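A.B. asks: Here it is, the structure, as structure tokens.
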Protein chains: 2
Amino acid sequence: MVNTTKPIGVGIIGLSAKGGWAATAHVEALRAMPDRFAIKALSASTPDSAKAAGGAYGIDFTTDDPASLVAHPEVDLVVVTVKVPHHGELVAHAIEGGKPVYCEWPLGCDLEESSAIAASAEARGVRSFVGLQGRSAPAVRYLRDLIAQGYVGDVISSTVIGSGGFPWGGVAMANMAYVLDDTTGATMLSIPFGHMLDAFTWALGGFSRLHASLATRHVSVGFIDSEDVVSATAPDQIVVGGILEGGGVVSFHYRGGDAPEQNFRWEICGTKGMLIVEGDSGHLQYGHVRLRGRQGADPLASLPVPAEYRRMPTDPSGYADAVAHAYRAVHDDLTTGLSTVPSFTDAVETHRLLDRIERAADWTRRGVTE
Amino acid sequence: MVNTTKPIGVGIIGLSAKGGWAATAHVEALRAMPDRFAIKALSASTPDSAKAAGGAYGIDFTTDDPASLVAHPEVDLVVVTVKVPHHGELVAHAIEGGKPVYCEWPLGCDLEESSAIAASAEARGVRSFVGLQGRSAPAVRYLRDLIAQGYVGDVISSTVIGSGGFPWGGVAMANMAYVLDDTTGATMLSIPFGHMLDAFTWALGGFSRLHASLATRHVSVGFIDSEDVVSATAPDQIVVGGILEGGGVVSFHYRGGDAPEQNFRWEICGTKGMLIVEGDSGHLQYGHVRLRGRQGADPLASLPVPAEYRRMPTDPSGYADAVAHAYRAVHDDLTTGLSTVPSFTDAVETHRLLDRIERAADWTRRGVTE
């Protein structure tokens, strides 16, 4: 366990002065808890970019060598927030250094790589956390508890309609082109759909049977910030149907781009009532969701998240909120020995389910069904 | 072709003084066009019930013998509106009598019976119409034309969420118990889902691939008007995913019972725009639907059905409206030789697709996956 007399020292691999997810979410989340966390080091791809980030965020120790970040004596927790294809090699430094590591989701490019990363952490006894922050979001935790407490009774069915959002709708920014490439492991399937799937199964249990269609319908994607056009191979349509282990009948439909009114709607219908989860985007990991419910024939009513689910004073509509709640739980886990935050082993379970969906699916790319 | 100097004489098999679909929809629809149709005869299961219905609706010729109804010289069109298991034997009278016949959907209990009925009409050269009235509803015809005219561009995806309604939600009226019995052919799959599927494929084309889950989740259904409990075998959950021949990716989820807010929502997303069809129930054949759409990044706007699609002064929110529009088109077909109304052959195509879904499906009954 980590020393609790001072804040946990954090080293972030992949913090850029230009912004990005680490800057938007992680730095803000960590700095909301100065009594619990202190960012002590960062690494970036070059010494200059690392120095620029250090200046931007006021972090003294900067490096382009992940191993030296891991080795820094004040780093108690290594955070990996780079693009997915680099997760494996960077997490390996933390594992070799024997330090607890928090890696963003997806853990690896596919099930095989994710399993290898998790096995490596397990073999070395390194404490691991994965960035499936949806499970930490107050609204999602409340939702799961409502279901577990029998609010809807037995689950009869559940329906999810979600939007993947901007880069998968036929236009993209050039720096996001990699999420259109199915080989990177950072796609609409693994990111928005994967985060939702993780929270969904955490709340409702796993699938006994499933079937799926995946398709790349926008096969030529233009950039809004250049003249280029890229050939997309990642799915921009995901349809999954199936039966949960508990018997509930499920349908998912994720669509690329944004949709008016229904960027995210998740219905859970049971023998005693129903719950509706709505959000501004299909990215459930942001945690920007609202709950409504009814029991019996009551009218639908808003279900505000009770105060005890909010452990941090961060902005519930901000990108840092679910990440901050995840770090708050990481602090608990590291200082008490609890295991409340999803580990690499949990990540592998969700990778396994995504892999099962890919194997089950009719796969249409460039108009051809494979 | 039928004589156009006087109204087409109609004989209704299955009109009851107690009400029901024939009384609610067919009588009202036919009587909205006294210049085009006149109800000349009715049959019911006993002489007394036939006489009672004749008194209630002012129809002179009543009988319990369908053959004599068909043989009546003033009957130009035989209408069959009884429970599905009796369609085959009653339609056979019209076919033997060589008279045009309008049979409610579903045509038969299954694909095999429906195919036999259609083949029999074909062999005898009898003009047939099937009660897939959704195709006649003004809003559905307008929707199909919008799609054909390129309003949404190429169809990228389509999502349908519908409710089967009252009898499939875990409680029923005793006289509706037969729709919970999968062997009757009158189930949530064939009735609300089947009508929707027919209109869907009429507007968007057929499926190149599909997969499905069917389940009976409410296996014990209580009656609100008696102490009895019946064992249900008809599906009350229908999930279908697939790829259209044109490449569009589709998901359907029909749920038993009613749902707040989303009893029917059908989204059609294309390269140029999108359409949203909403209704008060999942029974698209009632035609109580509203259209909205947008092209490009425009806001969603209501798309009122243009006046030319309304051929009848019936109430657009009433059960008779789509049926009246269907009869209006039947009159055209019978007097001009056109073929605008779906025939038994069209019905077989939709039965074939339902059969394909049943064969493809994971089927869960009484908690056991077959």
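A.B. asks: How big is the Rg/Rh ratio for the range B:292-342, C-alpha atoms only, Rh by Kirkwood, two decimals?
C.D. replies: My calculation of the ratio gives 1.15.
A.B. asks: Translational diffusion coefficient of the range A:229-370 at 10 °C, 1.306 mPa s, Stokes-Einstein with Kirkwood Rh over Cα pairs, in µm²/s as a whole number.
C.D. replies: Reported coefficient: 86 µm²/s.
A.B. asks: Moving on to the next point. Let me have the 222 nm mean residue ellipticity of chain B computed from DSSP H runs of 4+ only, each contributing -39500 (n - 2.57), with the sum over all residues rounded to the nearest 500.
C.D. replies: -8500 deg cm²/dmol
A.B. asks: Write down the accessible area per residue of chain A in Å², having rolled a 1.4 Å probe over the full set of protein chains.
C.D. replies: It amounts to 37 Å² per residue over chain A.
A.B. asks: Short version: ³J(HN,Hα) in whole Hz for each residue of the range B:184-191, in order, from phi by Karplus 6.51 cos²θ - 1.76 cosθ + 1.60 (θ = phi - 60°), x for Gly and Pro, what are they?
C.D. replies: Each residue's phi maps through the Karplus curve to give 7, x, 10, 10, 4, 5, 7, 8 Hz.
A.B. asks: Then there is this: Enumerate the whole-percent occupancy of each 20 Å bin, from 0 to the last occupied one, for all C-alpha pair distances of chain A.
C.D. replies: 29, 58, 13, 0
A.B. asks: Once the label point is placed 7 Å from Cα along Cβ, list for A:THR345 the distances to the corresponding points in the other copies, in nm, shortest first.
C.D. replies: Result, one decimal in nm: 6.4.
A.B. asks: Give the Cα extents of the protein assembly as shown along the principal axes, in whole Å, largest first.
C.D. replies: Cα extents, longest axis first: 102, 61, 37 Å.
A.B. asks: Which distances, in nm and shortest first, link the A:ARG209 label point to the same label point in every other copy, taking 7 Å along Cα→Cβ?
C.D. replies: 1.9
A.B. asks: What aspartates and glutamates could a cross-link reach from B:LYS6, if we take a straight Cα to Cα line under 14 Å and drop same-chain neighbours fewer than 8 places away?
C.D. replies: B:ASP35, B:GLU74, B:ASP76, B:ASP332
A.B. asks: How charged is the neighbourhood of A:ALA174? Take every other residue with its Cβ under 15 Å from the Cβ of A:ALA174, and add Lys/Arg as +1 and Asp/Glu as -1.
C.D. replies: -2
A.B. asks: To continue, here is another question. Using a 1.4 Å probe and counting only protein heavy atoms, how much accessible surface gets buried when B and A come together, both sides summed, in Å² to the nearest 100?
C.D. replies: Result for this pair: about 3400 Å² buried.
A.B. asks: Taking the rotation axis that maps chain B onto chain A, which residue of B brings its Cβ closest to that axis, and at what distance in whole Å?
C.D. replies: Residue plus distance in Å, as requested: B:HIS211, 2.
A.B. asks: How are the C-alpha pair distances of the range A:85-200 spread across 10 Å bins, as whole percents from the shortest bin up?
C.D. replies: Going from the shortest bin to the longest, the percentages are 12, 33, 31, 20, 4.
A.B. asks: Could you identify which residue out of B:ALA56, B:ALA94, B:ALA326 has the top mean-square fluctuation in a GNM of chain B using Cα springs shorter than 10 Å?
C.D. replies: Sorting by GNM fluctuation, first place goes to B:ALA56.
A.B. asks: Give a quick list of trypsin sites (Lys or Arg not before Pro) in the range B:18-82 that DSSP marks as loop, anything other than H, G, I, E or B, with at most 16 other Cβ atoms within 10 Å.
C.D. replies: Answer by residue number: B:LYS18.
A.B. asks: Counting only DSSP beta bridges with both residues in chain A, tell me the antiparallel percent, nearest 5.
C.D. replies: 55
A.B. asks: Using a label point 7 Å beyond Cα on the Cα-Cβ vector, give me the inter-copy distances for B:ALA301 in nanometres, one decimal, shortest first.
C.D. replies: For B:ALA301, the inter-copy label distances come out at 4.1 nm.
A.B. asks: Given a 1.4 Å probe, show me the residues in the range A:185-213 buried by at least 30 Å² of accessible surface when comparing the whole protein assembly to the chain alone.
C.D. replies: Residues shielded by partner chains are A:ARG209, A:HIS211, A:SER213.
A.B. asks: Using Cα centres only, tell me the gap between the range A:187-261 and the range B:300-330 in whole Å.
C.D. replies: Using only Cα atoms, the two centres lie 37 Å from each other.
A.B. asks: Using Stokes-Einstein with the Kirkwood hydrodynamic radius over Cα pairs, what translational diffusion coefficient do you get for the range B:21-86 at 20 °C and a viscosity of 1.002 mPa s, in µm²/s rounded to a whole number?
C.D. replies: Value of D from the Cα-based Kirkwood radius: 174 µm²/s.
A.B. asks: Net charge within 15 Å of A:SER45 by Cβ-Cβ distance, Lys/Arg positive one each and Asp/Glu negative one each, not counting A:SER45 itself?
C.D. replies: -1
A.B. asks: Rounding to the nearest 20 debye, state how big the charge dipole of the range A:213-370 is about its Cα centre with +1 on each Lys and Arg Cβ and -1 on each Asp and Glu Cβ.
C.D. replies: Once rounded to the nearest 20, the dipole reads 460 debye.
A.B. asks: Tally Lys and Arg at +1 and Asp and Glu at -1 over the other residues with C-beta under 14 Å from the C-beta of B:ILE8: what net charge comes out?
C.D. replies: Neighbour charge sum, excluding B:ILE8 itself: +2.
A.B. asks: So which residues of the range A:222-242 lose at least 40 Å² of accessible area, probe 1.4 Å, when you go from the chain by itself to every protein chain present?
C.D. replies: Those are A:GLN237, A:VAL239, which lose 40 Å² or more relative to the chain on its own.
A.B. asks: Please report, as a whole percent, how much of the solvent-accessible surface of the protein assembly as shown comes from carbon and sulfur atoms (probe radius 1.4 Å).
C.D. replies: So the carbon and sulfur contribution to the accessible surface is 50 percent.
The values are calculated or read from the model by the stated rules, or taken from the named source; none is laboratory data. In this text, all values refer to a predicted model and were calculated from it rather than measured experimentally. Virtual Cβ from ideal backbone geometry, glycine too; neighbours counted across all protein chains shown. In case anyone asks, the SASA skips ligands and DNA or RNA and just uses the protein heavy atoms, side chains included. Shrake-Rupley method; radii C 1.70, N 1.55, O 1.52, S 1.80 Å.
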